[in-house]
Amino acid sequence: MRSAFHLAYHVRDLDDSRRFYGGVLGCAEGRSTDTWVDFDFFGHQISLHLGEPFPVTNTGRVGDHLVPMPHLGLVLGLADWTTLADRLVAAGISFVIAPTRRFVGEPGEQATMFFLDPCGNPIEVKGFADLDKVFAS
C-alpha cells in the first residue's frame, strides 16, 4: 500500500517559510490561517505551525557522518533528486551535508543531501536510481 504522509511541525516565521518551501523548494501552498500553512511537499502534506521548532542534535550516525535528529526526509527518483539539488545549489542554500552519493556499490546506494529550513528544521532528500531498492539490505 502506498499513501501520502502528513507531518505538522513548528516554524518561527510563516513568511520566511513560504519563501523557502514555496519559492526555493517549489512546493505548492495549500490551506492556511494566520498561525499555520499547508504545503504539497512532493506529494505529501506538511503543515507548518507557528511555534518553537524541535530541538535538533547531530546524533544520527550514518556512515561517516553525524546527521541532524530529528529530521524530515524525502525519497525521490535520481533524476528528480538531481534537479532539486541543482536548484538548491543555485539558490545558495547552505548544506549540512552537500549533495553526495553514499553506499556506492552496496544495496541501498543513494544520493543524499541535508539542509535546514529558515527556522532550523533539518531536511534530508535521498535519490535512488531504482525506487524499488529503497528498502534493499
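Computed from the coordinates by the stated procedures, all read-outs in this text should not be read as laboratory data. Model, not experiment: these values are computed from the prediction. All Cβ positions, even for glycine, are placed from backbone atoms using ideal geometry, and neighbour counts span all protein chains on display.
The order of the peptides 28-37, 123-132 by mean Cβ neighbours within 10 Å, most packed first, is 123-132, 28-37. Scanning residues 5 or more positions from Val75 or on other chains, those with amide H under 5 Å from its amide H are Lys126, with H placed 1.01 Å from N in the peptide plane.
Restricting attention to segment 6-50, close to 60% of DSSP beta bridges with both partner residues there are antiparallel.
Full extension from Asp86 to Ser32: what is 0.36 nm times the residue separation minus their Cα-Cα distance, to one decimal in nm?
Additional length available on full extension: 16.5 nm.
Put a dot 7 Å past the Cα of Ser47, heading toward its Cβ, do the same for Val75, and the two dots end up 2.6 nm apart. Taken about its Cα centre, the chain carries a charge dipole of roughly 200 debye when the Cβ of each Lys and Arg holds +1 and the Cβ of each Asp and Glu holds -1.
Using Cα atoms only, what is the angle between the long axis of helix 78-90 and the major principal axis of the chain, expressed in degrees (0 to 90) to the nearest 10? Roughly 60 degrees between the two axes. For Cys27, the amide hydrogen comes within under 5 Å of the amide hydrogens of Gly22, counting only partners 5 or more places away or on other chains and with H modelled in the peptide plane.
Rg/Rh for the chain (Cα atoms only, Rh after Kirkwood) is 0.96. The phi torsions of segment 119-125, fed into the Karplus equation with coefficients 6.51, -1.76 and 1.60 and a -60° offset, translate into couplings of 9, x, 6, x, 10, 10, 10 Hz, rounded to whole numbers, with Gly and Pro shown as x.
For segment 36-48, the Karplus equation 6.51 cos²θ - 1.76 cosθ + 1.60, evaluated at θ = phi - 60°, returns couplings of 7, 8, 9, 9, 7, 8, 6, x, 10, 9, 10, 10, 9 Hz by residue, with Gly and Pro reported as x. Result for the chain in a Gaussian network model with C-alpha springs under 10 Å: among Phe41, Phe103, Phe115, the largest mean-square fluctuation is at Phe103. The alpha-carbon positions of segment 6-50 define a convex hull whose volume is 55 Å³ per residue.
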